[in-house]
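The values are calculated or read from the model by the stated rules, or taken from the named source; none is laboratory data. Predicted model, so just to flag it, every value in this text is computed and none were measured. All Cβ positions, glycine included, derive from the backbone under ideal geometry; neighbour counts span all protein chains shown.
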Amino acid sequence: MSKMIAGSYWFGVVACCAAFGLLASPVVRAEDGAASSDKWQFEITPYLFASGLNGTVGVRGVEGDIDMGFNDIWNHLDKAFMGLFEARKGPWAFMLDGIYTKLEDQQTKSVTGPAGFLTANTDFNATVTMTIYQPTLGYRLVDERTKWDVLLGARYTELTSDINAGISIPSIPFSGGSSISGSVNWWDTVIGARVIAPIADRWSFVGYADVGTNSTYQVLAGVNWQFAEQFSGKFGYRFLHQDYESGGTKWDMDMQGVYMGLGIRF
């Protein structure tokens, strides 16, 4: 069932992780005149974020390192969805980016017991369910051929982590084949900037960066191809870093990789 779900949205809906949060790409037109219109403009962009994961996940003081490329994530993907909605009127824009992924049986390359008492190079399985929502308000400071936006948003992250032990190790509280789990959620206030610059007929460069609380930041660079009046292809590279620890749950993770999406305007 999981492979059927994943395959059905390969070109339109997603596999991850923004960990984004992040913003995949904005409403962009090769013909820029409509951007300054007082009429409402809307766009929905389902997209694929071919991300790898590198960092540490911890539950109740037990931490495991994760180093997975996109091929590894694809093999362990159970469910995923990503999409971006944007509404614009005049210089103002509202964006909502959403990410949901569930990765099962990720092999951690090492595990550390509570308070760092013991580190063992062994295989522990980690299942991580991640949800990220980022509502963002944007204002266009410069509306010339090259456009500049300032952005203020809030990135919500919810994590549920399960770590399963397959062997017995002294000082690990759930050794002997049992498991522990934990769930945490938090908000990050983020500020950012975006630049949109035409580079060829129907092609635009998109650059984006944000920084927020809880040691999180994100950068994106890509291109948009307006191949039809209502449709655009979006391609680029995205990097999202999050570092959060509370209540025994730790998420210190880099998510980076290429993205591709289909923008649908209406």
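Residues that are polar (S, T, N, Q) and in a loop (DSSP other than H, G, I, E, B) within region 197-243 comprise T213, N214, S215, Q226, Q230, listed in sequence order. Do the conditions hold for Y133, that is, is it modelled with pLDDT of 90 or more, of a type outside the set (D, E, K, R) and over 22 Å from I73 (Cβ atoms)? No. Residues that are farther than 11 Å from I73 by Cα and at pLDDT below 85 within region 96-111 comprise T108, K109, S110, V111, listed in sequence order.
Any residue in region 138-153 that is of a type in the set (S, T, N, Q), at pLDDT 95 or above and within 30 Å of F266 (Cα to Cα)?
Within region 138-153, one or more residues are of a type in the set (S, T, N, Q), at pLDDT 95 or above and within 30 Å of F266 (Cα to Cα).
Might you let me know whether region 204-215 holds any residue that is small (G, A, S), crowded, with 16+ Cβ neighbours inside 10 Å and in contact with a Pro (Cβ under 6 Å, 6 or more places away or on another chain)? So far as region 204-215 goes, yes, one or more of its residues are small (G, A, S), crowded, with 16+ Cβ neighbours inside 10 Å and in contact with a Pro (Cβ under 6 Å, 6 or more places away or on another chain).
Among residues of region 238-266 that are within 20 Å of G207 (Cβ to Cβ), those with a Cβ under 6 angstrom from a residue that is among the aromatic types (F, W, Y) and part of a strand (DSSP E or B), sequence gap 6+ or separate chain, pair up as R238/Y259; H241/Y217; Q256/F239; V258/Y237; Y259/Y47; Y259/F49; M260/F235; G261/Y47.
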